[in-house]
Structures are given as C-alpha cells and as structure tokens.
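Trainee: Before I ask anything, here is the structure I am working with.
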Amino acid sequence: MGQPVQQSPNWQYPPIPIPQPPGGRRRRKKKMSRLLLIGLVVLAVLVVGGGVTLLVRGLSGGEPEAKQTPTTAPSSETPSQTPSESPSPSTPRGPTVDEVVKGSRLYSIGPVAASKCAEPPFAPVTVAAAQQYYNRLLPCLNRTWWLAMKKANLPFRNPKAVVYVGKVPSPCGIQRSARAAYCTANETIYLPFSRDNAYYKSNPAYTRAIMLNNFVHEYGHHVQKLSGILAASMSRQQSMTPNQKLTESRRRELQATCLGAVYLGANAAYVPMNGVLLNNWKFLISHSGDDYARPRVHDHGNRVSNYQWSLAGYNTKKPDSCNTFTAADVRVN
C-alpha cells in the first residue's frame, strides 16, 4: 500500500511499488521503416492524392488491462490513428485516466458473489503454517474476484502470495519485515512471517483479524491493477502537486481497504465473521490509519476514513461503494 516509492520500514503501511508503465517495450524501428516504405511506394504508384494511416499501439508486456490505461500523462490524449481520407471508420479512443478511475466497469456489477469458503486453520507458529494459511485463503478470494471481473468484462489473473523471513528481493525492491505489501510488477502479495508470528504470541485473536484484513486489502490492490484503476491513478498523479499526490494516494489505499471489506462482507456467513473475529476486526478497522504511523505521513487516510470505507464495503458488498475517486476530499482524509 502507499506511495510509489520505497519508504522506511517503520511506516504504518508500506508503499505500493511503481506499476510497470503501459508502454514498456520499445517499438521496432525496422518494422516501422518497412511500413513507411510501403506507404511511400503506394503513394508513388497511385499518383493521385491519398492518405496512409499508420496504426501504432502502445505495448504493455502483454497485460490486457493496458488498453484502459493511456501511455501518456493525464493531460494529453493521443489519438490511436492519424487523420486519413480513406472511407474506413476511425478507431474510437480509449477511456481517459479520469474515466478509468471514476467510471470503471467494476463499479457496475452490484454485490460480489460469495466464494463460500471458511477461514483456514489459523496458527502462524512456523513459516510453513503461515504460508499454508494464505495459500488456502488465496483461492477463496480468487473465486469471488474472478466472478466479479468476469461480470464486469475485465481481465483476471491469480496473484501469488509469498511468506518470507527477514528480507526478500522483488521486482519492486527489497521487501522487509514491516507490513504486508503488493508488488504490481509480478502481481505478488508479500507477507512477513516475523510480524505475524510476533503478534500471534502476544494476542492470537487480534492477530487473526490483522492477517485476514491485511491480506484482503493487498488483494484489493490486485483488483485495482487488473481493472486498470491502479495504473490510471498513478498516471493522474504525475501532474499533481505534493498535497494532491497524498490525496490521490489516500484514494487508492482507502479503495483497496473497501474492496477487501467487500470480500469479507460477501463471505461473512462462511468465514464466518462473528464472535471474537468480528469484534477484533471492528476494533482493528477503527484503529488503523495515518494517526498511528511513525513518522506520520498522510498517505493512507486517518482512522475515521478507514473505518467508514471498511464498513461501506462490508455492509454493501458492492465495489461501487468503494469509488473513492468520486468522493469529496473530506471523505478521504
């Protein structure tokens, strides 16, 4: 979660790594030159005035969602074709970054379906036990969000979950035992064992709520990436002032929190979210946010905002309730 740069490990939450840019691969000059040459030959042969349309797509390493994310800064709109006198219809432009974050098809699907999974056995006393917990929880989230993305006609891929000790290299930089983090480059959720284990020794019931809540939050960032919201938000942020960037970061983080709560709400009867777990989860969401960060940086939202967006997702079970990008600034403090 957080800003697109690596932060100190003692932050309340870690940063979201920089997403891979949509236009990652270089265009092959040889192929373009050949197309231009063919075009010139056609013009020479036909003699009469005509137009040559050269269609060049931005590449994104084969990621389907790149078609929703412009390869330029938010302030510019690059047509997919140059003007042509030919009678063939022009290709419609893709959505702008503002349209992606504010009007994603994800918001139109209504309540998400329950995966009907019970919470796995919980006892992070060893790395293997912690990994097994997340490995058994992951297919449950995959089921709910695969159905949701299918309904929204958006791409879906299973993310990975890695439990580690100490520190581990990733495409997003070195992951250290601070908090769970999602790396967009390899679509992996990193989960530090030492934190879970230490919390479990002091308060098992509360640790159970922490592990479950952190995992569904980081999965929320994966949903943002698949829908194109994450890349579009990062693109919007490029032209913002420092304070505006913090607000944009809070919109991303609070949305991920809300999307995580959507899953918990949809599956409340099956986890089940009741008794000790529900009580500890409610205490957790009312005591999470920038208020507790050291040093205090206002990039994730305060505890009031975290609590309100968590409840909104949990109670409605709808991604539409998580549209932080159309919310007033006062709701993303």
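Derivation of every value follows stated rules applied to the coordinates shown; laboratory data play no part. Remember, predicted model here, so these are calculated numbers, not experimental data. We place every Cβ from the backbone using ideal geometry, glycine too, and count neighbours over all the protein chains shown.
Trainee: Mind jotting down a quarter of the surface of the convex hull over the alpha carbons of segment 103-332, in square nanometres, one decimal?
Mentor: Average projection, Cα convex hull of segment 103-332: 11.6 nm².
Trainee: Among 157-163, 178-184, 236-242, 220-226, how do they line up from the highest to the lowest mean number of other beta-carbon atoms within 10 Å?
Mentor: Final packing ranking: 220-226, 178-184, 157-163, 236-242.
Trainee: Grab the Cα-Cα distance for residue 296 and residue 136, subtract it from 0.36 nm times how many residues apart they are, and report the gain in nm with one decimal.
Mentor: So the chain would gain 54.1 nm between residue 296 and residue 136.
Trainee: Which order do the peptides 128-139, 249-260 come out in when sorted by mean C-beta neighbours inside 10 angstrom, highest first?
Mentor: 249-260, 128-139
Trainee: At 0.36 nm per residue, and after removing the present C-alpha to C-alpha distance, how many nm does the segment from residue 160 to residue 333 gain when stretched out fully?
Mentor: So the extension gain works out to 59.2 nm.
Trainee: A further question on this structure: According to a simple spin-label model (label point 7 Å from Cα along Cα-to-Cβ), what is the distance in nm between residue 167 and residue 185?
Mentor: Roughly 1.5 nm, to one decimal.
Trainee: OK, next. Over 31 Å between Cα atoms, which of 201/225; 160/282; 245/318; 102/150; 225/282; 201/245 qualify?
Mentor: 201/225; 201/245
Trainee: Additional query: For segment 208-243 and segment 136-185, what is the centre-to-centre distance using only Cα atoms, to the nearest Å?
Mentor: Centre-to-centre distance over Cα atoms comes out at 12 Å.
Trainee: Send over the per residue convex hull volume for segment 119-192, Cα only, as a whole number of Å³.
Mentor: Taking only Cα atoms, segment 119-192 has a hull volume of 87 Å³ per residue.
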